[in-house]
């Protein structure tokens, strides 16, 4: 909180928090952090492959984990195995969908978005094609589906107890009607959460379902998996048939609004010899 106050005074426009936090993001212990960020208009960015590093007191402060880089090195020089192909297909070069989904579930399900409605969360370098199915699953988890029996009971019946006192029995879909917040999960995502991608045509095609503001593009300069060497080609492939208005929003307009950039100013043309 003190650091948030300091950077706000210094004019810094956002804060960065880890993908793997010391406590789950639904923990109420973070409420003072969210309150400070919201009060100063500082959006929260959560970048892939951050956090989760334990440094013992007797080790150097610069110590960090090398498991991730070494895994990439070994993939780059080794022969393909079934396990390696399976792992790469699951992750697609990043942490896959499980980690960002867990973060969103914590922020939405834990009521963070409800308590801090003006705070924006930006998940960076997680890709975004998974978002369309996840939004559907989130909402689906909190209502009883058409044709399902809401009165179905499950558990273990105790013949020694009366029918009205069966602690080992429970209504299977009872929890579906207990969503504690006024908006649906997907509505909180559309209002406050934005997922960055670099090369993900599925995310662009699904924008009409997820909501235009839920996805933002970035070329991930200067990482090897980024698209900055041929961003124009990447954009052409990802945005084929997309309207100019939607392109402008995903390629910068949404993010500019989140971080408070002046969108009325235009960059001068680059010199011809650059």
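The values are calculated or read from the model by the stated rules, or taken from the named source; none is laboratory data. Remember, predicted model here, so these are calculated numbers, not experimental data. Note that we place each Cβ from the backbone using ideal geometry, even for glycine, and neighbour counts take in every protein chain shown.
Here are some notes:
- Members of segment 34-47 found to be surrounded by fewer than 17 Cβ atoms within 10 Å (Cβ to Cβ) and more than 13 Å from residue 13 (Cα to Cα), listed by number: 35, 47
- Test set (1) surrounded by fewer than 14 Cβ atoms within 10 Å (Cβ to Cβ); (2) modelled with pLDDT of 95 or more; (3) under 30 Å from residue 73 (Cβ atoms) - residue 225 fails condition number: (2)
- Here segment 43-75 is the region considered, the condition is being outside any loop (DSSP other than H, G, I, E, B) and on the phi > 0 side of the Ramachandran plot, and the residue that is modelled with the lowest pLDDT is 49.
- Residue among 172, 154 that alone is outside the structural domain of residue 133 (by TED's automatic domain parsing) and modelled with pLDDT under 95: 172
- Segment 208-219, subset in contact with a helix residue (DSSP H, G or I) (Cβ under 7 Å, 6 or more places away or on another chain), touching a residue at least 40 places away in the same chain (Cβ under 8 Å) and crowded, with 16+ Cβ neighbours inside 10 Å, residue farthest from residue 123 (Cα to Cα): 210
- Members of segment 113-138 that are crowded, with 19+ Cβ neighbours inside 10 Å, out of contact with any strand residue (DSSP E or B) (no Cβ under 8 Å at 6 or more places or on another chain) and under 23 Å from residue 42 (Cβ atoms): 116
- Selection status of residue 241, over 17 Å from residue 196 (Cα atoms), modelled with pLDDT of 85 or more and surrounded by fewer than 11 Cβ atoms within 10 Å (Cβ to Cβ): yes
- Hey, residue 190 outside the structural domain of residue 18 (by TED's automatic domain parsing), surrounded by 15 or more Cβ atoms within 10 Å (Cβ to Cβ), in contact (Cβ under 8 Å) with a residue 12 or more places away in the chain and more than 24 Å from residue 18 (Cβ to Cβ) or not: no
- When segment 76-98 is limited to residues that are at pLDDT 75 or above and part of a loop (DSSP other than H, G, I, E, B), the one that is surrounded by the most Cβ atoms within 10 Å (Cβ to Cβ) turns out to be 97.
- Residue 213 being touching a strand residue (DSSP E or B) at 6+ places or on another chain (Cβ under 7 Å) and not in a strand (DSSP E or B): yes
- Residue count for segment 116-162, restricted to those that are closer than 30 Å to residue 13 by Cα, in contact with a helix residue (DSSP H, G or I) (Cβ under 9 Å, 6 or more places away or on another chain) and not in a loop (DSSP other than H, G, I, E, B): 7.
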